[in-house]
Amino acid sequence: MGYDKRVVKELITLEQIFDLLEEYGGEPEYTSEGNLISRTICHNHPSNEASRKLYYYTSTNLFHCYTGCAEPSFDIFQLIIKIADIQFHQEWDLDRAVTFLVYKLGIDIPREDIEEAPILLKEDFEYFDKFDRIRNINLKNYTVQIQPYDPTILTRMNYNVQLTPWLKEGIKQETLDRYQIGFYPGNDVITIPHFDIDNHFIGLRGRSLCREEAEKYGKYRPIRIGKTLYNHPLGYNLYGLNKNAPAIKLFKKAVVFEGEKSTLKYDS
């Protein structure tokens with residue numbers, strides 16, 4: 001083991017767990033107790049019907065699947081191994097899952113918590129650097145249909161509020177207008193609508209401006225209005241593609257960012 005699994009697990013935040021579940025189609029929600037509930041992507045592909053029976057408990061840092069899993073309790077590393085198998089048809093071991101999360105989440109591991117780093121880096125960079133192998137992988141053709149929402153909900157957002165924090169970071173007002181960035185006072189959040197390439201409204205995420213809410217539930221999360229949670233699997237749609245597809249087609253190049261704000265900053 002190159003990284004101490006226990007140390008890495010302690011450094012992964014609840015917000016990062018939420019984002020991982022959302023990226024891989026789990027459509028997570030926070031429970032009233034501060035835990036997470038998600039679709040059973042531990043044994044289902046997001047394109048299939050998956051029940052909301054996968055829970056993550058902050059008291060134990062463990063998931064528990066209440067249907068379908070032979071070993072119902074597992075940690076985030078085992079979930080990544082399951083997702084790699086189900087969604088990407090790759091067989092990962094524990095070392096690879098731990099290393100993957102360290103790199104993906106940008107976890108800074110103190111030197112004393114790294115064992116045999118030269119061997120680890122050699123093995124893992126050999127794996128990560130072989131991008132040519134992708135051309136030889138025949139993946140099953142899964143088509144994930146993201147159900148659109150009624151876009152009239154966007155008319156309830158406030159677009160006249162000056163979003164000073166983002167303007168100070170260099171995001172121009174023209175960009176905020178172009179991407180329909182607004183404000184929802186009911187949740188005290190900056191609203192970020194998501195659209196697919198055909199301009200269907202498929203999700204609404206918010207950046208919480210309340211420090212207590214952000215610390216407890218995470219800065220970015222799907223917005224709930226009434227009985228509807230406007231979430232969608234982030235890993236199956238590129239934010240801003242509906243706006244930038246013509247430029248990508250023209251230049252035959254694309255710049256892919258992890259978060260929405262980076263797209264907005266680049267646009268500005």
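The values are calculated or read from the model by the stated rules, or taken from the named source; none is laboratory data. Given the structure is predicted, the values throughout are model-derived calculations rather than measurements. In this analysis, Cβ positions are derived from the backbone assuming ideal geometry, glycine residues included, and neighbour counts consider all displayed protein chains.
Listing for the model above:
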quantity	calculated
Qualifying positions in region 23-40 - touching an Asp or Glu at 6+ places or on another chain (Cβ under 9 Å) and either part of a loop (DSSP other than H, G, I, E, B) or under 20 Å from Phe88 (Cβ atoms) (or both)	Pro28, Ser38, Arg39
Criterion violated by Gly182 - all others in (1) in contact with a Pro (Cβ under 7 Å, 6 or more places away or on another chain); (2) surrounded by 20 or more Cβ atoms within 10 Å (Cβ to Cβ) satisfied	(1)
Test: residue in region 218-228 that is at pLDDT below 90 and in contact with a Cys (Cβ under 9 Å, 6 or more places away or on another chain)	no
Qualifying residue in region 214-222 (condition: more than 23 Å from the chain's Cα centre (by Cα) and not hydrophobic (A, V, I, L, M, F, W, C))	no
Failed item in (1) closer than 26 Å to Asn231 by Cα; (2) modelled with pLDDT of 90 or more; (3) not in a helix (DSSP H, G or I), with Ile146 passing the rest	(2)
All positions within region 227-268 that are closer than 19 Å to Phe18 by Cβ and of a type in the set (Asp, Glu)	Glu258, Glu260
Checklist (1) modelled with pLDDT of 90 or more; (2) farther than 30 Å from Glu212 by Cβ; (3) among the charged types (D, E, K, R) applied to Asp113, failing item	(1)
